[in-house]
Each structure stands twice: as C-alpha cells, then as structure tokens.
Amino acid sequence: GVYIVTELSCPEGYRLDPTPQNVIVTSGELATVTFENAPYGNLRVDKIDADSGASLAGATVEIKHIESGVTQTGTTDLGGSVYFDKLKPGAYQVREVSAPSGYVKNDQTYTVNVTSGTESTFVLKNRAKPGLIITKYDEQTHEVLPDVTFEVYRDTVLIGSFSTDEMGQIRLTDLQPGTYLVKEVSTSAGY
C-alpha cells in the first residue's frame with residue numbers, strides 16, 4: 001500500500017524536514033524513505049563605534065526572517081556582540097531597536113543572508129552623541145573662572161542652566177544633534 005511518512009524529530013543542531021513523503025510498499029521488497037536535514041545557521045551581530053572601532057555593549061538588536069516574518073531580539077554583551085543561533089537559513093533584516101548609552105541610534109535596516117551550517121556575521125555601527133565644552137576665562141590673564149552660569153538652548157529650546165566648575169568648564173555630553181545657543185547669564189564678581 002501507500003504510506004505517508006512524516007519526520008517528527010531530528011538530531012540536535014539540524015532543521016526538521018517538514019515535508020511528508022509518500023512511499024509505496026510492495027510485497028517482498030524493502031521500501032526506503034530518505035529525509036535530509038539541513039543544519040541551522042547562526043548569526044552574530046557586532047556593534048562598534050563608527051569612529052574608533054571600539055565594541056559597544058548594551059545595544060538592542062532585532063532580526064527578522066524575511067520569508068516567515070519571525071523576529072528575535074537580543075542585547076549586545078560586553079564584547080559588543082549578540083548571537084542568534086538555530087536560525088532557518090535565508091535572508092534576515094537586521095535593525096537596531098535601541099542604541100547604547102551615549103550613542104545615536106542607527107535607523108537603517110540591513111539585510112543579511114544566513115547560510116545553513118555556518119555563522120554569518122554583520123557589523124552594525126553607531127556614532128557617539130555629540131558633546132559641548134564651555135570654557136570661561138579672564139581675557140587678559142587667561143585665568144579660569146568658576147561659578148559662571150550659562151543657559152544652553154538646543155534649536156531654540158532651553159535644555160538647562162549650567163555653572164562652570166573649578167576648572168572654568170561646563171562639560172555637556174550625550175547631546176542630540178542640533179544647533180546650540182550658549183548664553184552667559186551671570187558671571188564672577190568683578191567681571
């Protein structure tokens with residue numbers, strides 16, 4: 001008669017062959033059915049600083065298998081990598097969900113091909129958020145001036161009032177790109 005054979009489990013690290021096979025069994029003969037199991041593929045996404053090449057921990061990355069729409073999310077480790085294993089081979093979209101602290105999120109979506117039995121790698125780059133250093137000093141003696149207050153605006157919106165430290169500086173980090181206006185609102189005695 002005709003039998004339908006379906007694979008229910010397969011060896012670790014291999015993909016199940018989901019296609020049932022028909023086999024005709026005749027009297028006095030040995031019928032053979034062969035299933036082929038392709039190994040899974042793996043994907044490593046490395047997150048680096050676009051300028052220095054340093055590894056970046058703490059970025060959340062999402063991958064999406066284009067054919068099936070299945071998504072997975074992971075966060076880069078201290079070495080700046082996130083690993084996705086046991087992936088169905090094919091094309092995957094890679095995108096950053098959130099950037100590491102101090103970095104601008106990469107809004108592009110990339111396509112990576114994952115091959116059966118191999119580890120594919122993809123490098124995702126970020127640029128550090130800009131910073132601003134304000135230095136206040138005496139025009140003639142070049143002596144630094146502490147406790148001078150400035151208002152700082154980004155694209156005409158006040159982001160805060162800041163005072164110079166003992167080195168006569170204000171260091172603002174982790175800023176968003178934009179146009180900044182720095183306005184002195186109070187100064188040291190005698191100036």
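The values are calculated or read from the model by the stated rules, or taken from the named source; none is laboratory data. From a predicted model like this one, the values you see are computed outputs, not experimental measurements. Neighbour counts are summed over all protein chains in view; Cβ atoms, including those assigned to glycine, are modelled from backbone coordinates with ideal geometry. Ligands, DNA and RNA are excluded from the accessible area calculation, which covers all protein heavy atoms including side chains. Shrake-Rupley method; radii C 1.70, N 1.55, O 1.52, S 1.80 Å.
Note down the net charge around Asn126, summing +1 for each Lys or Arg and -1 for each Asp or Glu among other residues with Cβ under 10 Å from its Cβ. Write down the numbers at each step before the final one.
Values: positive: Lys47, Lys105, Lys125, Arg127, Lys129; negative: Asp49, Asp51, Glu96.
Net local charge, Asn126 excluded: +2.
The ellipsoid equivalent to the alpha-carbon distribution of the chain has semi-axes of 63, 14, 10 angstrom, derived from the gyration tensor eigenvalues as √(5λ) and listed largest first. Placing +1 on the Cβ of every Lys and Arg and -1 on the Cβ of every Asp and Glu, with no other charges, gives segment 32-123 a dipole of roughly 180 debye about its Cα centre. The residue among Val94, Phe35, Ser55 whose Cα reaches farthest toward the positive pole of the charge dipole of the chain, with charges on the beta-carbon of Lys, Arg, Asp and Glu, is Phe35.
Normalising the Debye intensity of segment 109-161 to I(0), with uniform scatterers on Cα atoms only, and taking log10 at q = 0.23, 0.26, 0.27, 0.28 Å⁻¹ returns -1.02, -1.09, -1.12, -1.14.
Projecting the Cα atoms of Ser161, Val182, Asn113 onto the dipole axis of segment 85-191, where Lys and Arg carry +1 and Asp and Glu carry -1 at the beta carbon, places Asn113 farthest toward the positive end.
Each Lys and Arg Cβ is given +1 and each Asp and Glu Cβ -1; about its Cα centre, segment 62-191 then shows a dipole of about 700 debye.
Per the Debye formula on identical point scatterers at the alpha carbon atoms of segment 1-83, with no solvent, log10 I(q)/I(0) at q = 0.12, 0.15 Å⁻¹ is -0.60, -0.74.
When ligands, DNA and RNA are left out and all protein chains stay put, how many square angstrom of accessible area per residue does segment 14-143 have with a 1.4 Å probe?
Per residue, segment 14-143 has 60 Å² of solvent-accessible surface.
With a Förster radius of 35 Å applied to the beta-carbon distance between Thr141 and Arg171, the computed FRET efficiency rounds to 0.95. In percent, rounded to a whole number, the relative contact order of the chain is 16, using alpha-carbon pairs under 8 Å and six or more apart.
Taking a 1.4 Å probe, which of Arg127, Arg95 shows the most accessible area, and what order do the others take after it? Could the numbers behind the result be given before it?
Working: Arg127 130, Arg95 85 Å².
If we order Arg127, Arg95 from most to least accessible, we get Arg127, Arg95.
Maximal additional length on extending the Asp77-Glu36 stretch stands at 11.2 nm, based on 0.36 nm per residue less the C-alpha distance. If only the Cβ of Lys and Arg carry +1 and only the Cβ of Asp and Glu carry -1, the dipole of segment 1-61 around its Cα centre is close to 80 debye. Computed over protein heavy atoms with a 1.4 angstrom probe, the accessible surface ordering of Asp46, Asp85, largest first, is Asp85, Asp46.
With all protein chains present, how much of the accessible area of segment 61-104 (probe radius 1.4 Å) comes from carbon and sulfur, to the nearest whole percent? Mind showing how you got there, number by number?
Values: 1080 of 2220 Å².
The value for segment 61-104 is 49 percent carbon and sulfur by accessible area.
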